[in-house]
Amino acid sequence: MKKSLPKNAQLVFVPDSFNPYEDWPMFQRATCTAQTLGIFDKTHDAMFDAVWKTGELAISDPKTHAPKQPLPTIEDAARYYHRISGISVDKFLAASKSFAVDVAMRRYDSLAVAYHADSTPSLIVNGKYRITGQSAGGLPQMIELAKWLVAKESK
């Protein structure tokens, strides 16, 4: 989707923390840390895959679908980021505890509340339109609707 957007549009990922039972606050902190360290763009897809495809940072057991105990920690995420980006574990952990990361997390939480984003994925177009897979009739329709709204708003 990002590649298909017009040049005047941008896709901004807003990591949310509204589901603590699935470790979202930790993943939000890890994402904000990666953004702060400038490694987000090159690591985002790998991190997503580590949670949902390879299971390296999975939040649930693939057989029972029950939440893993314990859930992945920020230290687990730091080790994973070290492996995929070369960033040192200590540097990642120090950044994860920084004021900049705390501010980013609060800003993203505020945006989610302001946009009424209560599920994922949710797309917000120009601060006016909130689209979910359910509201659009499916994920492919969600992307098409978002493209249409971006074109409309670009005029």
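The values are calculated or read from the model by the stated rules, or taken from the named source; none is laboratory data. Worth saying up front: this structure is predicted, and the values here are computed from it rather than measured. Neighbour counts are summed over all protein chains in view; Cβ atoms, including those assigned to glycine, are modelled from backbone coordinates with ideal geometry. For the accessible areas, the whole protein counts, side chains as well, though only heavy atoms, and no ligand, DNA or RNA atoms are used. Shrake-Rupley method; radii C 1.70, N 1.55, O 1.52, S 1.80 Å.
When segment 138-152 is filtered for residues that are open to solvent by less than 70 Å² (accessible area, probe 1.4 Å) and free of Cβ contacts under 8 Å to residues at least 40 places away in the same chain, the ones remaining, listed by number, are GLY138, MET142, LEU145, LEU149. All conditions in (1) open to solvent by less than 20 Å² (accessible area, probe 1.4 Å); (2) under 24 Å from LEU11 (Cβ atoms); (3) assigned to a loop (DSSP other than H, G, I, E, B) hold for PRO72, with the sole exception of (2). Candidates are the residues of segment 75-95 that are out of contact with any Phe, Trp or Tyr (no Cβ under 8 Å at 6 or more places or on another chain) and part of a loop (DSSP other than H, G, I, E, B); the one that is surrounded by the most Cβ atoms within 10 Å (Cβ to Cβ) is SER88. Scanning segment 109-143 for residues that are basic (Lys, Arg) and touching a Ser or Thr at 6+ places or on another chain (Cβ under 9 Å) returns a single hit, ARG130.
When the residues of segment 96-132 are filtered to those that are small (Gly, Ala, Ser) and surrounded by fewer than 17 Cβ atoms within 10 Å (Cβ to Cβ), the one that is nearest to ASN19 (Cα to Cα) is SER119. Residue pairs whose Cβ atoms lie under 7 Å apart, separated by 6 or more positions or on different chains, with the first residue in segment 83-98 and farther than 12 Å from ILE39 by Cα and the second exposed (fewer than 14 other Cβ atoms within 10 Å of the Cβ), are LEU93/GLU75. Only residues that are closer than 25 Å to VAL150 by Cβ and either at pLDDT below 95 or of a type outside the set (S, T, N, Q) (or both) were counted in segment 19-41, giving 2. Of everything in segment 41-69 that's assigned to a helix (DSSP H, G or I) and buried (at least 18 other Cβ atoms within 10 Å of the Cβ), which residue is nearest to the chain's Cα centre (by Cα)? Out of the qualifying residues, it is MET47. Within segment 100-127, the residues that satisfy the criterion of being outside any helix (DSSP H, G or I), small (Gly, Ala, Ser) and within 14 Å of the chain's Cα centre (by Cα) are ALA117, SER119, SER122.
Just one of the numbered conditions (1) assigned to a helix (DSSP H, G or I); (2) crowded, with 16+ Cβ neighbours inside 10 Å; (3) at pLDDT below 95; (4) of a type outside the set (Lys, Arg) is not true of SER135: (2).
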